[in-house]
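Everything on this sheet refers to the single structure shown next.
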Amino acid sequence: MMDVPWNDFYPLLWEGLKVTVEVAVLSALAALVLSLVIGLCRVSKFKTVRIISQICTEVFRGLPLLVLLFWVYFALPFLGVEFDKVTSAVVAIGLNYGAFGSEIVRSAILAVPNGQSEAARALNFSPLQRMIYIILPQAALRMLPPFGNLMIELIKGTSLIYFITLSDLTYQALILRNNFLSMTPYIFLLLLLIYFVLSSFVSVTVRLLERKLAAGRL
Amino acid sequence: MNATELEKAAGQEAPARTRKRQADTGVQPIVRYEHVSKSFGDLEVLHDINLDIAPGEKVAMIGPSGSGKTTLGRMLMTLEEPSGGMITVDGEPLWHMKSKGRLVKANEAHLHRMRGNIGMVFQHFNLFPHMSVLRNVTIGPRKVLGISAEEAHERAVTMLGKVGLGDKLDVYPSMLSGGQKQRVAIARALVMNPKIMVFDEVTSALDPELVGEVLEVIKEIAREGEMAMMLITHEMDFARDVADRVIFGAEGHIVEQGPPEQIFENPQSERLQSFLSRFRLS
Amino acid sequence: MWNWEYAWSILPDLIAALKTTFWATFGGFIFAAIGGLILAMLGRSPIWIVRAVNRLIIEFIRNTPLLVQLFFLYFYILPTMFPTAPTALVSGIIGLGIHYSTYMSEVYRSGIDAVPKGQWEAAKALNFSRTKTWSTIILPQALPPTLPVMGNYLIVIFKETPLLSAITLVEVLTTAKNAISISYRPFEAYTLVGVLFLIISYVFSVLVRMMEIRLNREQSASSGTDSSSKPQSGGKGRLDKEVKQQA
């Protein structure tokens, strides 16, 4: 234990952490926007919109993230669409988790009692106003806990960008392991611990947000 | 402005009974149902309904559950589309509009314009749980009528005072009793200044001891306003006190209608007689 | 752009590699199902320290990436634990199994929580031993409603198997990679892999949905005659939510 060269670990892991956080934040934003857009399409009054958005959900949810990532990064250039590594990662992770998120948005919207929508209509709100002022704020509270879980899954999912040689935490840890083979258990434990802290940060934030949003109403 | 104030003053002085305004006085009705029917799937809940409501008239709808009275109100609030017939509000078709000289199904813009005349209070309040009492009442005027924040605030405070909740402005609905919730809901609908308001069994979800406070508020509004009211209710005493006309419906038909004295003291049809007798027993 | 001839030429290899993928899926699933049950029962232990440690382990495993856990297992833990290092397939099954046992334990937990408290008390009143209470009273009631959720995790685990390519398992994705390293044609290979995964997970999900419908029907049939099964259906609703949250 005393011989563990912790100080040699930190610089590389710090570099990796920056990449992991960058990709996580960007793909989380992409996933949230997609969740909202596809989720709203899923409750559209137009049947075609509903069906198309459902097919999108099923496809991007049914594909393993790693396969989707490889497809975006390696196969898509053959269709003339070439992304750099970070963009590929954000596109793949965003699509995959956005598909799961759209399901959260859809069920949260459907869970808002019908009477709320009727009361808003009786006050002569336009459909857009009903969604913005009445339905979404109430659905948001229901969405928060499952979105928190989704974001934790997303952070875990960013470790897959190692496969397209983006130098994230996992990638740097494996380089470290090559340099300090006898330190393997310490390196992996430290790596797991860093991910655990990242996930815990998300769950604490979500819990605080939830408390703030729910203030007064329950 | 002077005229309305005069009217208001006159309305307040005159007892409800003498203010009776019936549809046959030649005034254009505020609401007219013509041959209206409604089916849910194979089940027809309303058959060929014809009904006029005069401006300012207070109409009570009574009848056994399943008689279609709630559906009648919900169609007026545009929450339910009629399967047949025509509803007219203030001389204009509600669910239809003119396009190239033909009557076609109304679009959202038309419905939006028409809904400005109509308000509704629901059985289950349907207050917005994520907004304070005050915000529940100001959001309509702010976002739909486009009134300034200050004026909306002022109107809401006045209205909430009128329903006896001037001290609950910043409370969230979950902290209120059922009776208080329903009074907020009444204020929320009233502040939009509708020409006709639907009260859909507004006391049915309340504990018995809270019914009185809500009915008092509605009576007060009925006494002072020139707003027409459609009161769908199971409270017979209330219907007798407030209504200019009582309509008894059963199984999708209007069976009998008339002034409250006639309906309650001297019911003509056997259906109504048995309905009322059952009511008194229970 | 798309070369059918090439696509057809690699398809047999990809399909053959599915065999390994299925082994990993079902192996990991069974491991997770058993491990999850143990974790769930430990979570009900009367000793608080057992419950606390159990909770900590579950949280730690759930909140860290499967990929890193696989590396840790394959490169360090398993070779140190066993005289001969387990194969990539066995390591993969253990990795998937451990990771998803923490998810499964939550599924069991909501199933167990849905068994009415009176059942525990009745067992105590009849002087059942702890093991007897679990095996004859609690689990027979707690498990059936969890089946559809478990089925969903089978699909989730199936979709995680490409990760095992990182620990040198030759499953579908690795096979595709190998083909690409000869032909330099990733488009056909990765598209085929994607389509294979889509088709199989779709078929799985239809099966799960059918099972769910059948289970619901049985439940509503039995709740008509036996009022004690009502809390179970209440528990099912909670399970559905659980899955949505985790999905």
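Every read-out reported here was derived from the displayed coordinates using simple, explicitly stated rules and does not represent laboratory data. Nothing here was measured: the structure is a model prediction, and the numbers come from that model. For neighbour counting, all protein chains shown are included, and Cβ atoms are generated from backbone atoms with ideal geometry for every residue, glycine included.
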Computed over region A:10-214: relative contact order in percent, which uses C-alpha pairs under 8 Å that are six or more apart: 29 percent
Looking at the square roots a ≥ b ≥ c of the eigenvalues of the Cα gyration tensor of region B:134-277, which shape do they give, rounded for a/c under 1.5, prolate if a/b is larger than b/c, or oblate? prolate
Evaluate the charge dipole of the protein assembly as shown about its Cα centre and quote only its size in Debye, nearest 20, assuming +1 on the Cβ of each Lys and Arg and -1 on the Cβ of each Asp and Glu. 840 debye
Among all the aspartates and glutamates, which ones have a C-alpha under 13 Å from B:Lys143's C-alpha, if same-chain residues fewer than 8 places away are not counted? B:Glu151
Give me the distance between the Cα centres of region C:156-225 and region A:188-218, rounded to whole Å. 31 Å
Grab the beta carbon distance between C:Asn216 and B:Glu265, set R0 = 41 Å, and tell me the FRET efficiency rounded to 0.05. 0.15
Which of rounded, prolate, oblate describes region A:10-214, given a ≥ b ≥ c as roots of the alpha-carbon gyration tensor eigenvalues and a/c under 1.5 marking rounded, otherwise prolate only if a/b is larger than b/c? oblate
Rough spin-label spacing in nm, given labels placed 7 Å along Cα→Cβ, for A:Lys18 and B:Glu92: 6.3 nm
Peptide A:70-78: average number of partner chain Cβ atoms within 10 Å per residue? 6
Other chains' Cβ within 10 Å of C:153-163 residues: what's the mean? 3
Applying the span-like rule to chain A (DSSP H, Cα extent along axis at least 30 Å, Kyte-Doolittle mean at least 0.0) gives A:6-42, A:85-111, A:184-214
Find which of B:Gly146, B:Ala156, B:Leu72 sits farthest along the positive direction of the dipole of chain B, computed with +1 on the beta-carbon of Lys and Arg, -1 on that of Asp and Glu, about the Cα centre. B:Gly146
Nearest 20 debye, what's the magnitude of the dipole of region A:10-214 about its Cα centre given +1 on Lys and Arg Cβ and -1 on Asp and Glu Cβ? 720 debye
Proximal charge balance of A:Leu26 [Cβ under 13 Å; K/R count +1, D/E count -1]: -1
Are any of the pairs A:Lys85/C:Lys177; A:Lys47/B:Lys98; C:Lys19/C:Lys177; A:Lys18/A:Lys212 more than 21 Å apart by Cα-Cα distance, and if so, which? A:Lys47/B:Lys98; A:Lys18/A:Lys212
Could you order peptides A:148-156, C:191-199, A:95-103 by the average number of other Cβ atoms within 10 Å of their residues, highest first? A:95-103, A:148-156, C:191-199
Restricting to Cα pairs below 8 Å that are 6+ residues apart, what does the relative contact order work out to for chain C? Please round to a whole percent. 28 percent
Of the residues C:Thr191, C:Thr168, C:Gln119, the Cα lying farthest along the dipole of region C:4-246 towards its positive end, which is defined by charges on the beta carbon of Lys, Arg, Asp and Glu, belongs to C:Gln119
Ignoring everything except DSSP H segments at least 4 long, calculate the 222 nm mean residue ellipticity for chain A; use -39,500 (n - 2.57) per segment, divide by total residues, nearest 500. -25000 deg cm²/dmol
Which value, in debye to the nearest 20, gives the size of the charge dipole of region B:86-177 about its Cα centre, when Lys and Arg are +1 and Asp and Glu are -1 at the Cβ? 520 debye
Global size of the protein assembly as shown as Cα Rg and Dmax, reported in angstrom: 32.9, 103
Can you tell me the FRET efficiency between A:Ile52 and C:Ala122 if r is taken as the Cβ-Cβ distance and R0 is 41 Å, rounded to the nearest 0.05? 0.20
Normalised contact order of region C:125-221, rounded percent, pairs of Cα under 8 Å and 6 or more residues apart: 31 percent
Would you work out if region C:4-246 is rounded, prolate or oblate? Take a ≥ b ≥ c from the square roots of the eigenvalues of the alpha-carbon gyration tensor; rounded if a/c is under 1.5, else prolate when a/b is larger than b/c, oblate otherwise. oblate
Describe numerically, in nm with one decimal, the distance between label points set 7 Å from Cα along Cα→Cβ at C:Val170 and at B:Asp207. 7.4 nm
In deg cm²/dmol and to the nearest 500, what is the mean residue ellipticity at 222 nm of chain C if only DSSP H runs of at least 4 residues count, each as -39500 (n - 2.57), divided by the residue total? -25500 deg cm²/dmol
Spin-label pair B:Glu220/A:Val59, simplified geometry with 7 Å Cα→Cβ offset, distance in nm: 6.1 nm
When the helix-only estimate is applied to chain B (DSSP H runs of n ≥ 4, each -39,500 (n - 2.57), divided by the residue count), what is the mean residue ellipticity at 222 nm, nearest 500 deg cm²/dmol? -11000 deg cm²/dmol
Putting +1 on Lys and Arg Cβ atoms and -1 on Asp and Glu Cβ atoms, find which of A:Ser200, A:Phe46, A:Val19 reaches farthest to the positive end of the dipole of chain A. A:Phe46
What is the average number of partner chain Cβ atoms found within 10 Å of a Cβ in C:204-217? 0
Can you give me the C-alpha center-to-center distance between region B:228-244 and region B:140-210, rounded to a whole angstrom? 20 Å
